[in-house]
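**Q** Dumping the structure here so I can ask a few things about it.
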Amino acid sequence: MSTLSDFNKFTANLPRQEQPMPVLFIGHGSPMNGIQDNEFSSGWKKMAKDMPTPKAVLVVSAHWLTNGTRITSMEFPKTIHDFGGFPQELFQVQYPAPGSPTIARETKNLVKSTAIVEDHDWGLDHGAWTVVRHMYPEANIPVLQLSIDHNKDENYHFELTKELMELRNKGVLIIGSGNMVHNLRMLAWDKIEEPGYGYDWALEMNAKFKKYISEGDFSRLINYKNLGAEAKLAIPTPEHYIPLLYTLGLKAKNEKLSFFNDKAVAGSLTMTSVKIG
């Protein structure tokens, strides 16, 4: 396949697969994970090796909040360094994966509950590229992002993602990228090098989230605000939690799921990740 336009013509008629592509929720944590070889980035690499090679990757990142729902629709998305206070080495990273206007358009057409807008300005933020560059370092697989409409409630996001199942059937890897427990204001900076350190409330909520995920009790997860004071500490703002709902909404009946990178960091953050399929 000699050109990107050839690829786009090919993806317009992606065949359905016998088995749907797995779907992931990934706790992405610090942007530094994008350049470090640690247990978390190693977990992402192993996950990629254990799965079939996707036709494309669609990421729902905690770091792209919009009015309405948008999807990147450019041929070559830029690498966005949407953070501050980190070493210059991190700002120099480029992840030159192609995009796919054709897959963007197909995704737009699949969703009937809302009008998805094709976006030509965004790119790949650190919720996407810091993870995907470890999984697919050759940057030869198209990567797109789907935004989070910050005006909508949690049930909206859970229901919207169900309309994307056909992408799984055609070999597109869908990743929700955030963190189950994410309270940066309460980070224990003096414990950041202590493996697995978590406050009691953070560990309690992480365990509850895992329990409800394993039991398929997604209603409790959608309505997490009813889970008490610990949930409010774990999720003071919803943007890092909502990508989990995009992942869970894509689970088919009787599909297996598993957890990986299941550790707390600096007291108030968990890297716990989920594989479905």
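**Q** What number of residues within the range 107-125 satisfy the criterion of being buried (at least 19 other Cβ atoms within 10 Å of the Cβ) and either over 21 Å from HIS63 (Cβ atoms) or without any contact (Cβ under 8 Å) to a residue 60 or more places away in the chain (or both)?
**A** Result for the range 107-125: 4.
**Q** Next up: Among the listed residues GLU159, GLU154, which satisfies the condition of being touching a residue at least 60 places away in the same chain (Cβ under 8 Å), in contact with a helix residue (DSSP H, G or I) (Cβ under 9 Å, 6 or more places away or on another chain) and among the acidic types (Asp, Glu)?
**A** On inspection, the qualifying residue turns out to be GLU154.
**Q** Show me the strands (runs of 3 or more DSSP E) entirely contained within the range 50-151 in which 3 or more residues are under 20 Å from GLY171 (Cα atoms) and of a type in the set (Gly, Ala, Ser).
**A** It comes to none.
**Q** Can you give me the number of residues within the range 152-174 that are surrounded by fewer than 21 Cβ atoms within 10 Å (Cβ to Cβ) and part of a strand (DSSP E or B)?
**A** 0
**Q** Continuing with this model, one more query. Looking at the range 69-101 only, could you name the residues that are under 14 Å from LEU146 (Cα atoms) and either open to solvent by less than 60 Å² (accessible area, probe 1.4 Å) or touching a Lys or Arg at 6+ places or on another chain (Cβ under 9 Å) (or both)?
**A** THR69, ILE71, THR72, SER73, MET74, PRO77, GLY99, SER100, PRO101, listed by residue number.
**Q** Taking the condition of being farther than 12 Å from VAL132 by Cα and of a type in the set (S, T, N, Q), how many residues in the range 24-41 meet it?
**A** Number satisfying all stated conditions: 3.
**Q** Among the residues in the range 40-61, are any under 16 Å from LEU144 (Cα atoms), open to solvent by 10 Å² or more (accessible area, probe 1.4 Å), at pLDDT 95 or above and among the aliphatic types (A, V, I, L, M)?
**A** Within the range 40-61, none of the residues are under 16 Å from LEU144 (Cα atoms), open to solvent by 10 Å² or more (accessible area, probe 1.4 Å), at pLDDT 95 or above and among the aliphatic types (A, V, I, L, M).
**Q** From ASP200, ASP217, grab the single residue that is more than 18 Å from the chain's Cα centre (by Cα) and either open to solvent by 60 Å² or more (accessible area, probe 1.4 Å) or within 26 Å of LYS45 (Cα to Cα) (or both).
**A** ASP200
**Q** Applying the selection to the range 175-188, what residues are under 16 Å from PRO31 (Cα atoms) and surrounded by fewer than 24 Cβ atoms within 10 Å (Cβ to Cβ)?
**A** HIS182, ASN183, LEU184, LEU187, listed by residue number.
**Q** Considering only the range 220-243, state which residues are open to solvent by less than 60 Å² (accessible area, probe 1.4 Å) and small (Gly, Ala, Ser).
**A** GLY228, ALA231, ALA234 - these are the residues of the range 220-243 that are open to solvent by less than 60 Å² (accessible area, probe 1.4 Å) and small (Gly, Ala, Ser).
**Q** Kindly list the number of the only condition in (1) open to solvent by 10 Å² or more (accessible area, probe 1.4 Å); (2) within 16 Å of the chain's Cα centre (by Cα); (3) of a type in the set (A, V, I, L, M, F, W, C) that fails for TRP129.
**A** So TRP129 meets the others, but not (1).
The values are calculated or read from the model by the stated rules, or taken from the named source; none is laboratory data. Everything numeric in this text was worked out from a predicted model, so none of it was measured. As a convention, Cβ positions derive from the backbone with ideal geometry for all residues, glycine included, and neighbour counts pool all protein chains shown. Protein only, heavy atoms only, side chains kept; ligands, DNA and RNA dropped before computing areas. Shrake-Rupley method; radii C 1.70, N 1.55, O 1.52, S 1.80 Å.
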